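The values are calculated or read from the model by the stated rules, or taken from the named source; none is laboratory data. The structure presented is a predicted model; accordingly, all values stated were derived computationally and were not measured. Cβ atoms come from the backbone with ideal geometry, glycine included; neighbour counts cover every protein chain shown. All accessible areas refer to the heavy atoms of the entire protein, side chains included, with ligands and DNA or RNA removed. Shrake-Rupley method; radii C 1.70, N 1.55, O 1.52, S 1.80 Å.
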Amino acid sequence: MNAPLIKVTDIEKRYPNGTLGLKRASLSVSSGEVVVIVGPSGSGKSTLLRTFNGLEAITGGEIVVDGHVLHQRSADLRSLRQRVGMVFQQFNLFPHLTALQNLSLAPMKVLGLNAAEAAERARALLAKVGLADKADVYPAQLSGGQMQRVAIARALAMQPAVMLFDEPTSALDPEMVGEVLEVMKQLASEGMTMCVVTHEMGFARAVADRVIFMDRGESLCEDEPEAFFSAPKTERLRLFLGQVLK
Amino acid sequence: MSASRSRWLWHALSFAIVALLGSGLYIASKRIDYTWRWDRIPQYLLSQEGEEVHAPFDGFVALSEDGHSLTMTALKGADTTTLDGLASVAVANGDLVFQGDTLGKLPGQLRAGTLITGLILTLEISALSLVFAMLLGLVAGLGRVAKNPTAQDLSALYVEVIRGTPLLVQIFIMYFFIGTVLKLSAFWAGVIALSIFTGAYIAEIVRAGIQAVPKGQTEAAQSLGLSAAQTMRHVILPQATRRILPPLAGQSINLIKDSSLVSVMALTDLTKAGREVVSSTFMPFEVWFTVAVMYLVLTGALSFVVRKLELRFMARD
């Protein structure tokens with residue numbers, strides 16, 4: 001197996017008021033792997049994901065992403081972030097730009113593509129997520145599922161080495177969850193390295209190479225999906241699965 | 001149908017109340033000993049006065065009924081002379097004048113009167129100040145939300161000091177102290193004082209507009225590798241502008257009104273022009289009502305534009 005693309009060792013995040021957001025969380029994601037993080041609300045799984053591209057600063061431990069070492073105070077986050085795509089629960093599309101402009105802004109400003117190259121790349125990606133006809137539409141005119149697919153395409157436009165998904169379907173109406181998961185499955189099958197925080201156990205079971213269980217700021221255990229769901233290793237995981245799978 | 005009819009009734013009531021207040025004012029003004037001379041106001045808006053006419057010899061003046069011609073009778077001897085078609089007269093009926101005294105003015109080219117000249121100066125000062133105030137406000141507003149502590153400190157200090165002291169005091173300091181040190185003209189002292197004052201308020205408007213943009217926008221932009229400056233320029237400011245524009249326009253209405261304070265620096269803006277006309281005519285009532293209406297026309301036009309802007313921006317949400 002390749003060297004891990006993301007290697008997180010015993011990281012800790014302590015908030016200014018003293019509470020611990022993360023304690024002793026560790027994981028690694030290898031190239032081409034799909035890792036799903038599950039856990040109860042407030043367990044720190046979103047916080048953990050957000051440390052991978054420096055959106056959350058850590059107060060201890062070490063993170064290595066694609067060769068970049070993130071210390072407690074990292075200087076060069078920009079070059080790291082170009083290699084890490086991020087998809088948010090609330091989509092966070094730029095409302096003043098069309099779908100096409102949402103996709104081409106960063107490639108033009110950060111990678112220095114000219115307008116034609118960026119637009120070409122954007123159209124190809126919009127077509128890939130099934131929204132070729134929505135290029136000139138503003139986010140407000142899109143449904144939740146369409147917005148999240150545009151957001152995924154926007155992250156892909158930077159041609160990242162790894163994609164992070166922070167509860168990508170949690171803000172969606174139930175009938176729109178499928179279309180987003182479909183796009184994510186397709187990405188996984190193309191060999192994209194992915195790290196996904198989600199409550200969609202079906203997705204975890206079907207797509208993940210490994211599933212990690214987090215509770216109270218700790219990464220408690222990890223396993224292949226079959227074993228993870230059928231033979232939970234710890235009592236807390238058994239309790240959690242009992243609640244979400246009933 | 002009935003709802004819209006009752007609305008009209010309420011509007012009629014509003015009109016009646018305003019009419020009542022107006023007539024009360026009118027009756028009150030009738031009871032004091034004051035001669036209204038509205039007919040003398042237009043010459044201070046647009047004037048046709050040309051060269052001055054001087055008395056050819058010592059003598060008494062007799063004015064015609066319409067006040068546009070006068071006849072002089074010499075003090076010694078029987079000389080008389082009649083001047084016709086005067087634009088304005090500077091003497092009263094029966095006055096004794098001496099050779100060389102100013103009798104009045106001949107008609108000349110139609111030009112802006114004192115009040116209109118003052119209005120133009122008010123517009124110039126307001127427009128220039130608005131441009132500088134917006135630049136200053138943008139910089140200070142960005143400073144308020146910047147990560148750098150020095151930028152935060154300086155812009156917070158600026159906003160607090162300026163908002164915590166009266167504009168009139170700031171104008172005095174700018175004119176008498178800074179103006180003297182830097183040899184500023186009254187005009188530029190006024191423009192700078194107004195720019196600094198309004199800039200502090202615009203800084204707060206800019207700060208509020210930026211902070212109203214959801215945090216997720218910054219996170220998304222930075223996750224894509226955009227720098228802080230690129231995030232501000234391409235993602236945050238375009239969205240903040242929609243929130244900033246309406247209060248910014250409101251602040252520029254305030255600026256026009258605040259500009260009346262520069263009249264303390266011997267700058268003949270609209271307010272100072274009003275004072276000059278009052279002191280030369282003794283018509284304070286007519287002049288100040290006229291000046292108020294002129295300000296109202298300026299600010300009314302601006303707030304009309306503001307309302308149009310607000311509607312347009314609301315429609316886009």
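What to note about this one:
- Residue in region A:24-53 that is modelled with the highest pLDDT, counting only those that are closer than 18 Å to A:Pro4 by Cβ and within 14 Å of chain B (Cβ to nearest Cβ): A:Leu49
- Residues located in region B:185-209, provided they are of a type in the set (A, V, I, L, M, F, W, C) and open to solvent by 10 Å² or more (accessible area, probe 1.4 Å): B:Ala186, B:Phe187, B:Trp188, B:Ile192, B:Ile196, B:Phe197, B:Ile205, B:Ala208
- Here A:Arg149 fits the description: of a type in the set (D, E, K, R), open to solvent by less than 40 Å² (accessible area, probe 1.4 Å), assigned to a helix (DSSP H, G or I) and away from chain B (no Cβ under 14 Å).
- Region A:225-246, subset open to solvent by 20 Å² or more (accessible area, probe 1.4 Å) and either of a type in the set (Lys, Arg) or under 19 Å from the mean Cα position of the chain (by Cα) (or both), residue modelled with the lowest pLDDT: A:Lys246
- Condition met for A:Arg121 (in a helix (DSSP H, G or I), open to solvent by 30 Å² or more (accessible area, probe 1.4 Å), among the basic types (Lys, Arg) and more than 13 Å from every other protein chain (Cβ to nearest Cβ)): yes
- Subset of region B:1-31 that is more than 30 Å from B:Glu286 (Cβ to Cβ) and hydroxyl-bearing (Ser, Thr, Tyr) - its residue that is modelled with the highest pLDDT: B:Ser6
- Among the candidates A:Pro4, A:Pro16, A:Pro40, the residue that is open to solvent by 30 Å² or more (accessible area, probe 1.4 Å), in contact with a helix residue (DSSP H, G or I) (Cβ under 9 Å, 6 or more places away or on another chain) and more than 19 Å from A:Phe88 (Cβ to Cβ) is uniquely A:Pro40.
- Some residue of region B:189-209 being within 14 Å of another protein chain (Cβ to nearest Cβ) and part of a helix (DSSP H, G or I): yes
- When B:Gln222, B:Gln239, B:Gln217 are screened for being within 14 Å of chain A (Cβ to nearest Cβ) and open to solvent by 30 Å² or more (accessible area, probe 1.4 Å), only B:Gln222 passes.
- Screening the candidates B:Leu75, B:Leu25, B:Leu63, B:Leu70 for the property of being open to solvent by less than 40 Å² (accessible area, probe 1.4 Å) and not β-branched (Val, Ile, Thr) yields one hit, B:Leu70.
- Residue in region A:184-204 that is acidic (Asp, Glu), within 27 Å of B:Glu219 (Cβ to Cβ) and free of Cβ contacts under 8 Å to residues at least 12 places away in the same chain present: yes
- Flag for A:Leu164 being at the interface with chain B (Cβ under 9 Å from one of its Cβ atoms), touching a residue at least 60 places away in the same chain (Cβ under 8 Å) and within 27 Å of A:Gly178 (Cα to Cα): yes
- Filtered by the rule that a residue be farther than 19 Å from A:Leu103 by Cα and away from chain B (no Cβ under 14 Å), region A:187-198 gives A:Ala188, A:Ser189, A:Glu190, A:Gly191, A:Thr193, A:Met194, A:Val196, A:Val197, A:Thr198.
- Pairs with Cβ under 6 Å, 6+ apart, first in region A:81-96 and more than 7 Å from chain B (Cβ to nearest Cβ), second assigned to a loop (DSSP other than H, G, I, E, B) and open to solvent by 10 Å² or more (accessible area, probe 1.4 Å): A:Arg83/A:Asp66; A:Arg83/A:Pro160; A:Arg83/A:Ala161; A:Val84/A:Pro160; A:Gly85/A:Pro160; A:Gln89/A:Glu167; A:Gln89/A:Ser170; A:Gln89/A:Ala171
- On the stretch given as region A:98-110, residues that are assigned to a loop (DSSP other than H, G, I, E, B) and either more than 8 Å from chain B (Cβ to nearest Cβ) or buried (at least 24 other Cβ atoms within 10 Å of the Cβ) (or both) total 1.
- Answer from A:Arg50, A:Arg83 - the residue that is out of contact with any strand residue (DSSP E or B) (no Cβ under 6 Å at 6 or more places or on another chain) and open to solvent by 50 Å² or more (accessible area, probe 1.4 Å): A:Arg83
- Number of residues in region A:167-186 that are assigned to a loop (DSSP other than H, G, I, E, B), away from every other protein chain (no Cβ under 12 Å) and either aliphatic (A, V, I, L, M) or open to solvent by 30 Å² or more (accessible area, probe 1.4 Å) (or both) equals 3.
- Of the residues making up region B:225-236, those that are more than 7 Å from chain A (Cβ to nearest Cβ) and without any contact (Cβ under 8 Å) to a residue 40 or more places away in the chain number 4.
- Restricted to helices (runs of 4 or more DSSP H) entirely inside region B:90-173, those with at least 3 residues that are more than 30 Å from B:Thr241 (Cα to Cα) and either assigned by TED's automatic domain parsing to the domain that holds B:Leu296 or of a type in the set (Val, Ile, Thr) (or both) are B:114-145, B:167-172.
- Boolean, A:Gly61 is farther than 22 Å from A:Ala161 by Cβ, surrounded by 16 or more Cβ atoms within 10 Å (Cβ to Cβ) and away from chain B (no Cβ under 14 Å): no
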